[in-house]
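Participant: The structure that follows is given in the form of structure tokens.
The values are calculated or read from the model by the stated rules, or taken from the named source; none is laboratory data. Remember, predicted model here, so these are calculated numbers, not experimental data. So basically every Cβ, Gly included, is an ideal-geometry build from the backbone, and we count neighbours across all protein chains shown.
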Amino acid sequence: MSVPPRPSALLAAPLLVLVLLLAGCSSGPAPAKTPVGAPGQGAAGPESDDAASARRAPSGPAAAPSPTPSAAAIPGLGPDTLAAIPAEARQAFVVTGEEADANQSSAVLYSRQDPAKGWQPVAGPWNAHNGMEGWTDHHVAGDLRSPTGVYTLTDAGGRLPDPGALLPYDEQPRFAVDGEGFFGEPLEGSFDYVVAINYNRTDGVSPLDRTRPLGLERGGGIWIHVDHGGPTQGCVSIPEDRMRELLRTLDPVMKPVIVMGDAESLGR
């Protein structure tokens with residue numbers, strides 16, 4: 001005769017099945033929620049790994065500003081020669097000889113209207129002549145060489161009427177000259193227009209003035225004048241039409257100077 005089961009055992013089986021159904025298949029804990037704003041997640045939602053890396057990557061160095069262009073210097077002039085040009089000078093008539101013993105040269109007029117831009121050529125190059133024997137750093141009377149250096153230009157004149165010079169102009173018949181040059185060329189008309197180079201002279205007076213502050217032995221009467229087709233005693237000469245142009249351009253307000261010498265000397 002079988003013994004009927006106890007009521008407590010019959011109730012335990014259904015309860016065990018119910019517990020297993022409620023537990024599900026996963027045996028591990030539920031994944032934690034990622035807070036908004038955590039790495040890999042923006043405030044508006046998830047972002048890609050590439051975007052997150054780009055956001056975190058340090059920025060590179062800032063681009064350097066473009067360099068400011070330097071003011072233009074006069075070609076062919078070295079530091080010593082440039083330093084000899086007065087700061088207030090804004091016109092420079094540069095006469096460059098081929099060699100120390102050569103009597104042919106080239107002339108260019110430069111202007112410095114804007115200090116930020118520096119020196120700019122405004123006229124030339126023009127063919128020119130200088131002293132028969134070339135150039136010298138120590139001019140003396142009769143050496144037939146032109147003095148190298150930087151000299152102010154303040155006074156003009158000539159045998160012919162003023163062509164419109166901006167510098168003070170002294171018209172005088174005493175500027176008349178005749179005779180022949182070193183190569184037999186006529187000298188007539190050479191001093192129709194002149195600009196005095198302030199070497200061993202007093203500025204503010206006629207180019208004909210014979211005052212020699214350094215003494216007579218150091219020479220004088222060094223001018224820019226009309227070219228006669230050959231070398232000079234020590235002056236600088238340019239063609240007549242260029243001489244008129246120069247007289248109309250050199251402006252006392254711009255404190256003009258002449259920079260003159262052979263290329264090697266000017267390059268110092």
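Participant: Going residue by residue through segment 115-126, is there one that turns out to be of a type outside the set (A, V, I, L, M, F, W, C), assigned to a strand (DSSP E or B) and at positive phi?
Facilitator: If we filter segment 115-126 for residues that are of a type outside the set (A, V, I, L, M, F, W, C), which is where we start, we get 115, 117-118, 120-121, 124-125.
Adding the requirement that they be assigned to a strand (DSSP E or B) leaves 118, 120-121, 124-125.
In the following step, the residues that additionally are at positive phi were identified as 118, 124.
Yes, segment 115-126 contains a residue that is of a type outside the set (A, V, I, L, M, F, W, C), assigned to a strand (DSSP E or B) and at positive phi.
Participant: Quick test of your reading of the structure: R201 fulfils all but one of (1) over 35 Å from the mean Cα position of the chain (by Cα); (2) over 15 Å from P163 (Cβ atoms). Name the failing condition by number.
Facilitator: (1)
Participant: Answer with yes or no whether A83 is assigned to a strand (DSSP E or B) and either crowded, with 17+ Cβ neighbours inside 10 Å or at pLDDT 95 or above (or both).
Facilitator: Details: assigned to a strand (DSSP E or B): no; either crowded, with 17+ Cβ neighbours inside 10 Å or at pLDDT 95 or above (or both): yes.
Criteria not met by A83.
Participant: Could you say which residue among R218, R201, R210 is more than 22 Å from Q172 (Cα to Cα) and not hydrophobic (A, V, I, L, M, F, W, C)? Working first, answer last.
Facilitator: Details: R201 fails: more than 22 Å from Q172 (Cα to Cα); R210 fails: more than 22 Å from Q172 (Cα to Cα).
Exactly one residue qualifies, and that residue is R218.
Participant: Further, regarding this structure: Return yes or no: is V140 surrounded by fewer than 21 Cβ atoms within 10 Å (Cβ to Cβ), within 29 Å of G78 (Cα to Cα) and over 32 Å from the mean Cα position of the chain (by Cα)?
Facilitator: On the way: surrounded by fewer than 21 Cβ atoms within 10 Å (Cβ to Cβ): yes; within 29 Å of G78 (Cα to Cα): yes; over 32 Å from the mean Cα position of the chain (by Cα): yes.
Taking the combined requirement at face value, the residue satisfies it.
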